[in-house]
Structures are given as C-alpha cells and as structure tokens.
1. Tell me the residue from ALA247, ALA256 that is open to solvent by 20 Å² or more (accessible area, probe 1.4 Å) and part of a helix (DSSP H, G or I), please.
2. Given the criteria in contact (Cβ under 8 Å) with a residue 24 or more places away in the chain, open to solvent by 20 Å² or more (accessible area, probe 1.4 Å) and acidic (Asp, Glu), does ASP292 qualify?
3. Of GLN527, GLN590, GLN586, which residue is under 28 Å from the mean Cα position of the chain (by Cα) and either surrounded by fewer than 16 Cβ atoms within 10 Å (Cβ to Cβ) or farther than 22 Å from GLU336 by Cα (or both)?
4. Are there any pairs with C-beta distances below 8 angstrom linking a residue in the range 241-253 that is among the hydroxyl-bearing types (Ser, Thr, Tyr) to a residue that is in a helix (DSSP H, G or I) and open to solvent by 20 Å² or more (accessible area, probe 1.4 Å), with the two at least 6 apart or on different chains, and if so which?
5. Kindly list the number of the only condition in (1) touching a residue at least 12 places away in the same chain (Cβ under 8 Å); (2) part of a helix (DSSP H, G or I) that fails for GLN531.
6. Are any residues in the range 184-219 touching a helix residue (DSSP H, G or I) at 6+ places or on another chain (Cβ under 9 Å), of a type in the set (S, T, N, Q) and over 22 Å from ILE505 (Cβ atoms), and if so, which ones?
7. With respect to the numbered conditions (1) among the hydroxyl-bearing types (Ser, Thr, Tyr); (2) within 18 Å of HIS64 (Cα to Cα); (3) open to solvent by less than 40 Å² (accessible area, probe 1.4 Å), which one is the sole condition not fulfilled by SER26?
Amino acid sequence: MCGFLLDYNPQQEHDKMSFINLLSLSQKRGPDAQGYWNQESVIQMGFNRLAILELSSAGEQPMHSFGGRYTLVFNGEIYNHLALRKQLKFTNFRGHSDTETITTCLEEWGIEQTIRVLDGMFALGIYDHENKTLHLVRDFAGIKPLFYGKKGKHIVAASQYDQIIKHPDFDNESIDAKVLKLYLQQHFVPAPFGLYHHTYQVLPGEHLTFFQDGSMQQERFWEFPNSGSDFITDEKEALQLLDITLAECVQDQLLADVPLGAFLSGGVDSPLVAAKASAIDNKLNVFSIGSDSIKHDETERATAFAKTLGCHQTIWNLSAQEVVPYWSEAMASLHEPLADFSILPTYLVSKLAKKDVTVALSGDGGDELFFGYERFWSIAKNAPYQHWPSLLKKGMYGADKYLFKTDKINSVILSKRQDTAHEALHSRFRKNWLESIAPDLKHSRLPESWNVYDYPNTSDERVLLQQMQKAEFYGMMQKTLRKVDLASMENSLEVRVPFLQKKMIEASMRIDPLLNGGGGKQKELLQQLLQKEYPSIPRETVKKGFSVPLSRWIREDLKETFFETLLETDVSQFGFQRRELETLLQDHMQGKVDAKWALFTLYAILKC
C-alpha cells in the first residue's frame, strides 16, 4: 500500500513545491520514502512508499521501464508477479519488486496485455513517453482507490480524494447535487463519481487513456459477469473448489519482505483466512478487538480459533468509554465522504496490528460473494410471488405478518421492483429527514449512470441471487473496501483480501447460489469449511461483532463534537437547512428518534 499523485498538463509549467505539498497529504499511506519525477511542461509524478517487497532503493517509485518508454506509479500488490517474470525475455532485474515486474511487462507486452494478466490489488498511473499518453488503471474488485480530476487537457490523479479537491485547479469546484443526493442515500460516493464537479473515480476493472488533445478513452478490462446457469450443484465438489482456491489465494498473499499477520474475529471469513495462513506460517500473528458488551464481544470465540491454530494472538479489550478518545483519530482518516461508523473498530484493529506487522490479511468480501448478508435471503424468499397480482401479494403479506411474523414473506413483496427494494435496504437516511434538511435535492435525480441496482424482476431465486450478488459487489462492498483502506492507511498498514483475489471471485461464480444458504442459513459452504478447520468449535448461532453505541455516544460522549460540527460549520455550500438539522439533532438528543445514521452521514461529509 502506498500513495501517489500525478499531474498531467501539457499546457502549463508545473509548480513542484505545491505538488509536493499535495503529495504529502498521503504520507501516512507511505511513510518509508518519497519519490518525485517530472518531464517539463508535460507531467510530474510523486510517490509515498510503504515498503513491502524489495525494501531497497530498487523498489522505489516513480519507476521507469528498462527501455525508457514507460514511467509508472503503482499502489497495491501483484501476487503473480514472480510467475510473470518467468514468462518475460528480460532477466536483468535490479531487484524483486512487483513494480519492476509491471514495468518490464509493459515494455514487452504493452499496456493492454499487461493489465489483463495482473492478479492482485492495484491502482496504476502509467505515462507512455512514445505516445505521450497517460493511463489510469484500477483493479477488477476496486480494492485500491484511484481518484482523478479532469478539466480540458489537465488531469490530476491521486490515491486520496482530498488531494484532488485541494489542487489549485479544482479547489473552487461546486458540489454536484446529484452525487450529493447519492451520498446521502448510500452513505458513500461510489465510482465513477466525485462529490465535486470535474472530479471522478476510476471504476473497478477500468482502464482510462488520456491524450494530449484532451480526449479520453474508457475501457472495462474485467466486469462481474451477469447471471449464468452452468453451476456446480454438487456440494462436495463446491466445497473442494473453495477449499483449494482459498488456500492458493492465501498462499499467494503471504508474499512480503516485512512482518505479516491477520485480523481474527469470531465470525467465519477471517478465521478461514487465518487457518489457511497458519498452515503455511505456524508463527502467524493474529489481532482481535474485544468489547465490554457480553452481547457483542466475540473475543472468546476468536481466542478459541487462535488456540486451535496455535497462533500468537494479540487482543485489545476496550470498553465503550475507552474507545471514545480514539474517535478523532479515526475521523482523521476520512479523506472523502464516507459514513460507516464501523470505521472506528477497523481503525482500532489496524492500529493494534501495526505495532507488530506491516501487512494484515482480512476476510472482507466473503459476505458479498457467498451470500452472507440477511438481505440476500430477505429479498430472495419473496421471489416466487413477485409476478402475482398486487392485491393478492398484500393479502399474503398481511396473513404472514399475523401468523408467522414475516418469517415466510416480508414487506419486500409489496415493492414493484426487486432492485428498488434491494437499494432501499442500504439507505438509512429517512426520506422526510433528507427532504427537510436538503430541500433543494427533493426533485434532483441521481446520476444518470448510477445503475448498480438496476436489474429486472424475476421469480427465479437463483437468478435473483446472482443479480443481487453483482449489485453488492459494485455497491456496498465498495463502501466496505473504502472503509478498510482509509482506516488501515491512516495507520500505515497494508490490508490484503484473499476472498477478492481474481480466482476466488471466479470460483464463487461457478457455484449454485442455493448451496450457500436459504431456509434460515447463510454462507453455508463457508460454514462447512470452517467446521472442517475447527471441528471442536461449535457453529455460531447468534452473530456478534464489535459494536459502536453511536446513538448513545451522540447524546453523551460525542455530544460536543456533533454539535460543533453540525451546527457551527457552514452547511450552506451543501444546501443544508441549519434549522432543520438542529431540530433533528435535538430530537435525537431527547430520544424522540434514533437518527444516528442520518446524523453521522451529515457529520462525515462536513468533517472531510
């Protein structure tokens, strides 16, 4: 993990000092070394390095290819880079960094072929000296961030959004009302959008080319596929595929020249990753966060996993009062609007891990790929009745609500569209609150290209689950990845996600969705793999997890910071009505409503 900044402007001389000041905003992403390169009147590139592979100067960036055609800045890790080296003619490598592997692939194979063979997490900025073109490339899962601003022929790209909006050519841009509304509804700004005009994000799996005349070419080199039908339906075969593939992905991701560990919770995904890692590294360090809440604390179960593996476990037990002092530290990581208050425990476990390691493996992505969220099944169980007459569906819903407490059917059946119901499950900002606080947005539409939850109705449960899986991949999973990136990078910690390696994603899509759950079960295949790894530990029947009591904190411990941020900040630039905002805050304080999600969504955008 690192941070880079580049400024491509063929029409204007570059100001190195202001460029370095902007580059320094991402110094926590890469505290080990800073690099700078420029080609007068065309481009300048800067890099903050967190050294993971090849700790010597042979791994420093910006890096030029051996033939001199390409100059590269690269954030991320390429797990198959040693295998790629064996396919190259060039052998006179200065070191063993994956950056040097990429530059050599570029020289021998060109950009198009190179980005298709890379397996890992990456954001690339490539300058082609021969064609005088700039290329921005982002990995297929969107693990690594890549923001940019574009005005005519001028391009600024960076690892952090604040580096774009603080650039002199973009710091006076107005807010895009459509994107603001999308943020308030979804609690983050998804790619390809930027909150301010002329600012954007590269999509997962996208390659952008910028030419000297100001034109631009867009290409998707990988996309999550649409619904298929040729599934593995045999449970034993599916389990074997997942077991082998996860082990391979974890082994690939253990490549590092610095200490490496893993996050460990009491759930399913991170214990599976830890089990595969400890089978290779029997001295694996694992890190867990504990709570003083019996209802939410999962350290007892996490400790049982660690003892079974023989890992060295470090636990940080924190009461709610002990966590509050770290609030400001965690909020300092918000370099873009993002309202997910689980960023606090993510920040804390990253801070804990950084004391001993520089790289940590995480279980993120398992829920999205293997239908681990209740919302998958909450919507899917209504699928057989989707095309029934509206009046009949209302009757069924009422009867089920009375007889079975919506166990068989829920209110989703009343929605005209399944995708609309799905999208609505992610919005925690009540419509009436939003319209009173931001009345100018009442008639504003969402961006025209926002189509993540745009899929057709179907009564086929398998097809519906696949459509939801793709929507989650490009929807809420992107929010989770941004949270993890921001929280870990604030601690100069690289987090790797084996579940989101390319072959694991592709393996998940080969398996019949119905093998993963339904009938009250979730992530069934991963649960069975977990039982295989930890046979003496019974299956968890009640989901736990480190919980942030934000509702109470806003009323008590964080009252001052929320009042100061929400009521003393100039909210007019967002079109927010201060009086309505104050009313909502006071209603929350008095316990009339629980508006924590709405208040934190507003707080997060004002803090960044």
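1. Checking each option against the conditions leaves just ALA247.
2. Values: in contact (Cβ under 8 Å) with a residue 24 or more places away in the chain: yes; open to solvent by 20 Å² or more (accessible area, probe 1.4 Å): yes; acidic (Asp, Glu): yes.
For ASP292, the condition - in contact (Cβ under 8 Å) with a residue 24 or more places away in the chain, open to solvent by 20 Å² or more (accessible area, probe 1.4 Å) and acidic (Asp, Glu) - is met.
3. GLN527
4. What qualifies is THR245/LYS503.
5. (1)
6. Hits for the range 184-219 are GLN185, GLN186, THR199, THR209.
7. (2)
Results for (1) without any contact (Cβ under 8 Å) to a residue 12 or more places away in the chain; (2) of a type outside the set (Lys, Arg); (3) closer than 28 Å to LEU515 by Cβ; (4) assigned to a helix (DSSP H, G or I), shown as yes or no for each residue.
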{"residue": "ALA360", "(1), (2), (3), (4)": "no, yes, no, no"}
{"residue": "TRP377", "(1), (2), (3), (4)": "no, yes, yes, yes"}
{"residue": "VAL412", "(1), (2), (3), (4)": "no, yes, yes, yes"}
{"residue": "GLU423", "(1), (2), (3), (4)": "no, yes, yes, yes"}
{"residue": "TYR453", "(1), (2), (3), (4)": "no, yes, yes, no"}
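The values are calculated or read from the model by the stated rules, or taken from the named source; none is laboratory data. Note that the structure is a prediction, hence the values are computed from the model and not measured. For neighbour counting, all protein chains shown are included, and Cβ atoms are generated from backbone atoms with ideal geometry for every residue, glycine included. Areas reflect the complete protein model, heavy atoms only, side chains present, ligands, DNA and RNA absent. Shrake-Rupley method; radii C 1.70, N 1.55, O 1.52, S 1.80 Å.
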